[in-house]
Amino acid sequence: MDNSTILWAIALILGILLNIFIGKLAVFIFKKDGTASRFPIRFIGIVLVLNSISHLFHI
């Protein structure tokens, strides 16, 4: 395994964790919880997951 594969695996784990703990992160970063404050965090998490899966499995 090279360094880029390890970084993509870390990105996959980070994307999953962002989507799991989205409520706590929204309150911590934006000091409020709601749909508008969750959208950027959810978007970043989904992009990380999709990009890392496509890179790791060469889809």
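General remarks:
Quick grid of which residues meet (1) modelled with pLDDT under 95; (2) open to solvent by less than 80 Å² (accessible area, probe 1.4 Å); (3) aromatic (F, W, Y); (4) in contact with a Lys or Arg (Cβ under 7 Å, 6 or more places away or on another chain):
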site: N3; (1), (2), (3), (4): yes, no, no, no
site: I10; (1), (2), (3), (4): no, no, no, no
site: F28; (1), (2), (3), (4): yes, no, yes, no
site: T35; (1), (2), (3), (4): yes, no, no, no
site: R38; (1), (2), (3), (4): yes, yes, no, no
site: L50; (1), (2), (3), (4): no, no, no, no
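- In the range 12-26, the residues that are modelled with pLDDT of 95 or more, β-branched (V, I, T) and open to solvent by less than 90 Å² (accessible area, probe 1.4 Å): I16
- Top-ranked residue in the range 19-59 [being touching a helix residue (DSSP H, G or I) at 6+ places or on another chain (Cβ under 7 Å) and small (G, A, S); ranked as nearest to D2 (Cα to Cα)]: S52
- Qualifying residue in the range 10-25 (condition: charged (D, E, K, R), in a loop (DSSP other than H, G, I, E, B) and over 28 Å from H58 (Cβ atoms)): no
The values are calculated or read from the model by the stated rules, or taken from the named source; none is laboratory data. In this text, all values refer to a predicted model and were calculated from it rather than measured experimentally. All Cβ positions, glycine included, derive from the backbone under ideal geometry; neighbour counts span all protein chains shown. Areas reflect the complete protein model, heavy atoms only, side chains present, ligands, DNA and RNA absent. Shrake-Rupley method; radii C 1.70, N 1.55, O 1.52, S 1.80 Å.
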